[in-house]
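The values are calculated or read from the model by the stated rules, or taken from the named source; none is laboratory data. Remember, it's a predicted structure, so these values are computed and weren't measured experimentally. All Cβ positions, glycine included, derive from the backbone under ideal geometry; neighbour counts span all protein chains shown.
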Amino acid sequence: MEYRIRTWPDKILKEPTKEVDFFDDRLKEYIDKMWEFMYKEEGVGLAANQIGIPYQILVIDTTIREKKSEEETENPVKMVLINPKIVEKEGQVMSTEGCLSFPGVQITIPRYKRVKVVGKNEKGEDVVIESSEFLSIVLQHEIDHLNGIPFINYLSPLKRKLVLDKYLKSLKEAEYQTG
Ligand code: CO
């Protein structure tokens with residue numbers, strides 16, 4: 001398989017990914033590739049389908065991000081999550097986000113303040129994550145990717161059209177620049 005960052009409107013970003021039932025060398029290869037791309041692109045999280053792998057795998061590393069405010073109390077984490085599901089959610093915050101699959105796009109959308117996620121680690125062991133603050137936002141963004149939901153879906157139809165038109169125009173211009 002050739003791995004590369006998939007950008008919107010690539011159809012792999014629109015389809016729900018499949019559950020992982022193999023905890024072996026193949027999974028390890030997928031995870032290694034995901035870390036490689038995530039760090040290369042300077043993301044704090046990456047969903048497998050963002051590099052063309054159609055499975056429910058996430059990598060997250062919030063240790064590489066500087067705290068945005070003094071109020072943040074959450075400890076930074078580095079983790080792999082397999083088959084993650086949000087099982088509890090609470091509160092609401094407005095979140096300003098970018099996405100490696102939408103280069104140049106930054107939007108502010110509503111997110112839950114706290115989420116509880118269940119899933120497995122790379123060894124296939126059950127894990128439960130209680131999150132608030134930044135990790136909670138990253139988990140929601142990345143789990144949405146695995147479900148085929150891009151972050152622009154949270155914009156109103158009018159706002160979404162404006163953002164998408166501008167984004168698609170910038171892609172065209174980039175094409176001309178590279179010949
Ligand atoms: Co994203």
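Somewhere in segment 132-140, is a residue acidic (Asp, Glu), modelled with pLDDT under 95 and either more than 16 Å from the ligand (Cβ to nearest atom) or under 18 Å from Glu74 (Cα atoms) (or both)? Yes; the residues of segment 132-140 include at least one that is acidic (Asp, Glu), modelled with pLDDT under 95 and either more than 16 Å from the ligand (Cβ to nearest atom) or under 18 Å from Glu74 (Cα atoms) (or both). The residue pairs whose first member lies in segment 2-20 and is farther than 15 Å from Asp144 by Cα, whose second member is among the basic types (Lys, Arg) and not in a loop (DSSP other than H, G, I, E, B), and whose beta carbons are closer than 7 Å, counting only pairs six or more residues apart or on different chains, are Tyr3/Lys33. Kindly establish whether Asn153 is under 16 Å from the mean Cα position of the chain (by Cα) and more than 16 Å from Ala47 (Cα to Cα). When the stated conditions are applied, Asn153 passes them. Can you list residue pairs whose Cβ atoms sit under 8 Å apart, with the first residue in segment 40-60 being farther than 10 Å from Lys18 by Cα and the second being of a type in the set (S, T, N, Q) and near the ligand (Cβ under 10 Å from one of its atoms)? Count only pairs 6 or more apart in sequence or on different chains. From segment 40-60, the pairs are Gln50/Ser101.
Would you confirm whether any residue within segment 148-156 is loosely packed, with under 12 Cβ neighbours inside 10 Å, touching a helix residue (DSSP H, G or I) at 6+ places or on another chain (Cβ under 8 Å) and part of a helix (DSSP H, G or I)? There is at least one residue in segment 148-156 that is loosely packed, with under 12 Cβ neighbours inside 10 Å, touching a helix residue (DSSP H, G or I) at 6+ places or on another chain (Cβ under 8 Å) and part of a helix (DSSP H, G or I).
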